[in-house]
1. Among (1) buried (at least 17 other Cβ atoms within 10 Å of the Cβ); (2) away from ligand 2 (no atom under 16 Å from the Cβ); (3) under 29 Å from ARG343 (Cβ atoms); (4) among the aromatic types (Phe, Trp, Tyr), there is one condition PHE13 misses while meeting the rest; what is its number?
2. Select from the range 88-128 the residues that are buried (at least 17 other Cβ atoms within 10 Å of the Cβ), over 19 Å from LEU259 (Cβ atoms) and without any contact (Cβ under 8 Å) to a residue 60 or more places away in the chain and list them in ascending order.
3. Yes or no: TYR97 among the aromatic types (Phe, Trp, Tyr) and assigned to a helix (DSSP H, G or I)?
4. Read through the list (1) of a type in the set (Val, Ile, Thr); (2) assigned to a strand (DSSP E or B); (3) more than 16 Å from ligand 2 (Cβ to nearest atom), then give the number of the only condition that ILE157 fails.
5. Take the residues of the range 297-334 that are under 26 Å from VAL139 (Cβ atoms) and of a type in the set (D, E, K, R): which is modelled with the lowest pLDDT?
6. So GLU112 ticks every box in (1) touching a Lys or Arg at 6+ places or on another chain (Cβ under 6 Å); (2) assigned by TED's automatic domain parsing to the domain that holds LYS159 but one. Which box is left unticked?
7. Filter the range 3-22 for residues that are charged (D, E, K, R) and within 11 Å of ligand 1 (Cβ to nearest atom) and give the result.
8. With respect to VAL69, determine if the residue is more than 15 Å from ligand 1 (Cβ to nearest atom) and without any contact (Cβ under 8 Å) to a residue 24 or more places away in the chain.
Amino acid sequence: MSRIILHVDMDYFYAAIEEREDPSLRGKAVVVCMYSNRGEEGGAVSTCNYAARDAGIHSAMPCRLAKAVKPDAVFLPVRKPFYSEVSDSIMEILRSYADNDGELFEKLGIDEAFLEVTATSGGDLDKAQQIAQSIKEGVKELEGLTCSVGIGPNKIIAKMASSRQKPDGITVIREDEVDGFLRKMPVAKLWGIGKVTEEKLAGMGIDIVEDLAGHDVQELISIFGKTRGTWLKMAASGIDDDPVKEKTSSDQIGRMASLTHDTRKSDLVLSLLDELLDDVFSKVTARSVSFRSVTITVIYSNFKTVTKSHTLNHPMAEKSVLREVSYQIMGELLDSSTVNIRRIGVRVGNLHENKGQKTLAEFF
Ligand code: TTP
Ligand code: CA
């Protein structure tokens with residue numbers, strides 16, 4: 001069975017968050033600026049909403065120029081730590097839809113991620129589309145933001161599909177549509193091809209993806225090297241086996257699971273939590289690491305997702321500590337809502353290798 005990969009990309013992310021925070025901005029052109037140490041006159045546009053884009057403003061444009069182009073736009077300074085918090089919350093929602101209890105998930109940037117749904121959808125693209133719809137509704141309900149989703153048989157196609165219908169769209173590219181989707185595209189549009197490669201390819205008379213796909217692989221290898229040359233040929237042919245895998249997973253160990261039915265009964269929730277703790281802790285032991293942070297995720301029946309973390313004073317590798325902290329956080333989350341819970345997760349992070357690490361028993 002071929003894979004089904006989703007790529008989710010938030011729409012005009014920083015500016016959308018600012019619009020959400022201040023409803024009086026609705027309908028106005030909103031530009032989020034990264035000001036430099038030269039003050040408001042320096043700096044570049046981080047992003048802007050669609051009203052500002054219609055006026056010709058775009059990311060990386062000097063703010064001074066953007067002001068000249070549209071003096072009545074609202075210019076706001078970036079608030080990166082705040083956007084990162086919103087991002088964390090969105091990533092937890094997305095992760096909760098990924099196969100293998102959220103393992104087949106890959107955050108790609110502050111506002112985009114891949115998730116594999118081959119198993120959850122049973123390989124059925126209509127189901128995958130319903131999953132994408134649920135994700136959009138969940139993100140909208142919890143964070144009041146829209147996103148666009150691309151669905152394809154691999155990461156390259158999913159990534160390129162998500163920008164096809166923006167904002168608030170879903171684009172499905174079936175395996176038998178991949179060739180038509182790619183064929184006439186300029187090579188620069190192929191995800192993974194930058195300016196340097198584009199120029200080299202242009203020098204070889206290769207301008208569109210079809211030319212690249214049909215090019216002699218040995219010649220590509222002689223110019224770009226084995227790995228890159230092969231990759232170019234494969235990518236242009238719509239072939240990409242790269243797994244959906246979190247790049248930072250080496251610094252985190254976690255598991256998620258659904259309750260047998262939505263509930264907020266603490267004995268049922270804690271009993272599932274115990275299973276997850278056993279699993280996470282056995283992975284901690286197998287990898288000979290200690291952890292400094294413990295994060296609990298709760299996804300409610302209404303899609304609302306809450307995460308809460310605790311950072312320990314030192315790296316620890318004690319099951320009792322993990323259990324105590326997890327129970328504490330879960331207790332607080334159970335007390336703070338009356339909504340039933342659908343899924344829970346536990347994750348340890350900030351991992352340290354156990355090099356002569358003392359266990360709690362040795363510590364005292
Ligand atoms: P993008 O996903 O490239 O852009 P976007 O989400 O604003 O708009 P779109 O609807 O087209 O997806 O980038 C995500 C965020 O990253 C963006 O909101 C702001 C930030 N960013 C910068 O700070 N500088 C940049 O040059 C770009 C491209 C993005
Ligand atoms: Ca985006």
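1. (2)
2. Selection gives MET91 alone.
3. Numbers: among the aromatic types (Phe, Trp, Tyr): yes; assigned to a helix (DSSP H, G or I): no.
No: the conditions fail for TYR97.
4. ILE157 satisfies every listed condition except (2).
5. Only one residue fits best here, namely LYS304.
6. Of (1) touching a Lys or Arg at 6+ places or on another chain (Cβ under 6 Å); (2) assigned by TED's automatic domain parsing to the domain that holds LYS159, only one is false for GLU112: (1).
7. We begin by selecting, within the range 3-22, every residue charged (D, E, K, R); these are 3, 9, 11, 18-22.
Result: ASP9, ASP11, GLU18.
8. Judged against the criteria, VAL69 is a match.
The values are calculated or read from the model by the stated rules, or taken from the named source; none is laboratory data. Computed from a predicted structure; not experimentally measured. We place every Cβ from the backbone using ideal geometry, glycine too, and count neighbours over all the protein chains shown.
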